[in-house]
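Heads up, the thing below is written out as structure tokens.
The values are calculated or read from the model by the stated rules, or taken from the named source; none is laboratory data. Predicted, not measured: the structure shown is a model, and the values here were computed from it. Glycine also receives a Cβ, built like all others from the backbone with ideal geometry; neighbour counts cover every protein chain displayed. Remember, those area values only see protein heavy atoms, side chains included, never the ligands or the DNA or RNA. Shrake-Rupley method; radii C 1.70, N 1.55, O 1.52, S 1.80 Å.
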Amino acid sequence: MSEPTIGHNSETESPVTKFSKDQLKAIIERIERLEEEKKVISDDVRDIYSEAKGNGYDVKALRTIVRLRKQDANTRAEEETILETYMQAMGML
């Protein structure tokens, strides 16, 4: 076998420059920080739902309300109309 030559796949060349290594590291660290913040926020939200449940609120209903409040009013009304139509067709109303 012949000795490897300096070229495209050579071990002596790095496709990532020092600048791009630093940039990559900074991006990864930012993502890690945000993932940790997201976990903390998720834990806080879970605690609030637990508190609500302890005060007698239905957590499933609360989650539904939070989800619905995120929707556009027209979109929500359209979905509710379709749901009601389907429920009537199934004899559920």
Top-ranked residue of segment 51-63 - restricted to ones that are surrounded by 11 or more Cβ atoms within 10 Å (Cβ to Cβ) and assigned to a helix (DSSP H, G or I), ranked as nearest to the chain's Cα centre (by Cα): Arg63
Single condition Gly91 does not satisfy, out of (1) within 19 Å of the chain's Cα centre (by Cα); (2) open to solvent by less than 100 Å² (accessible area, probe 1.4 Å); (3) not charged (D, E, K, R): (1)
Cross-chain or 6+ apart pairs with Cβ under 7 Å, segment 64-93 first and outside any helix (DSSP H, G or I), then open to solvent by 70 Å² or more (accessible area, probe 1.4 Å): Leu93/Glu84
Candidates Glu84, Glu78, Glu37, filtered to the one that is charged (D, E, K, R), more than 27 Å from the chain's Cα centre (by Cα), surrounded by 10 or more Cβ atoms within 10 Å (Cβ to Cβ) and modelled with pLDDT of 95 or more: Glu84
